[in-house]
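What follows is a set of notes on a single structure, which appears directly below.
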Amino acid sequence: MEQFKDLVTITPWHMIMMLGNLLILTLIVKKLLFDRVQKVLNERQARADAMLADAKKAKDTAEAEKADYEAHLAAARQEAADLLEQAGKTAAARSEQTLEAARQQAAQMKQKAEAEIEQARKKALNDAKDEIGGMAMAIASKVVEREISEADHKALIDEFIEKVGDAS
């Protein structure tokens, strides 16, 4: 080992040379490698930042579209509710108009029927009065034509009552 002793001895001059070599090697590596690696890393970082910005922009756009969709949906629901309410009001109004028209028609029909009944009653009374008057005249003429006995008088009254009963 002693023979290698001279080889292992490091002098300050060797130290400066090694440090110089290391410095030159570092500068060469930095010039050749680090700048390119840094450039690639910066490009990747820029792409990643652009992708993140695009993703954020897409997210913001999607949220805006979602809010717009929800607003349109709420407006459509409100419009549908308004239409249903309006249709209900219109149907109720038409129903009420139809009922009122039916009530008026029924009242007119009732008045007409009552008037017809009253006319028929008056006509029946007049017919009965005419018939009773005719029968009374017939009885009176028979009474005048002959002298009536008690039995004849009773028979005439019964005949008159029978005729009046048949007439009604």
* To do: Out of ILE24, ILE28, report the one residue that is open to solvent by 80 Å² or more (accessible area, probe 1.4 Å) and modelled with pLDDT under 90.
  => ILE28
* Quick one: what pairs do we get from the range 89-115, first residue at negative phi, second at pLDDT 90 or above and open to solvent by 50 Å² or more (accessible area, probe 1.4 Å), C-beta under 9 Å, 6+ apart or different chains? -> none
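Report yes if VAL144 is at pLDDT below 75, over 60 Å from the mean Cα position of the chain (by Cα), aliphatic (A, V, I, L, M) and open to solvent by 70 Å² or more (accessible area, probe 1.4 Å), otherwise no. Explain how you work it out, then say what you get.
Details: at pLDDT below 75: yes; over 60 Å from the mean Cα position of the chain (by Cα): yes; aliphatic (A, V, I, L, M): yes; open to solvent by 70 Å² or more (accessible area, probe 1.4 Å): yes.
It is true that VAL144 is at pLDDT below 75, over 60 Å from the mean Cα position of the chain (by Cα), aliphatic (A, V, I, L, M) and open to solvent by 70 Å² or more (accessible area, probe 1.4 Å).
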* For ALA138, are the conditions met, namely being under 17 Å from ILE161 (Cα atoms), open to solvent by less than 60 Å² (accessible area, probe 1.4 Å) and touching a residue at least 40 places away in the same chain (Cβ under 8 Å)? -> no
* To do: Tally the residues that are of a type outside the set (Phe, Trp, Tyr), open to solvent by 100 Å² or more (accessible area, probe 1.4 Å) and modelled with pLDDT under 85, restricting the search to the range 34-52.
  => 1
* Asked: What residue, of GLU118, GLU150, GLU79, is acidic (Asp, Glu) and open to solvent by less than 100 Å² (accessible area, probe 1.4 Å)?
  -> GLU118
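The values are calculated or read from the model by the stated rules, or taken from the named source; none is laboratory data. As the structure is a prediction and not an experimental result, all values here were calculated from the model. Because the Cβ atoms are built from the backbone with ideal geometry, glycine has one as well, and the counts that use them run over all protein chains shown. For accessibility, only protein heavy atoms count, side chains too; no ligands or nucleic acids. Shrake-Rupley method; radii C 1.70, N 1.55, O 1.52, S 1.80 Å.
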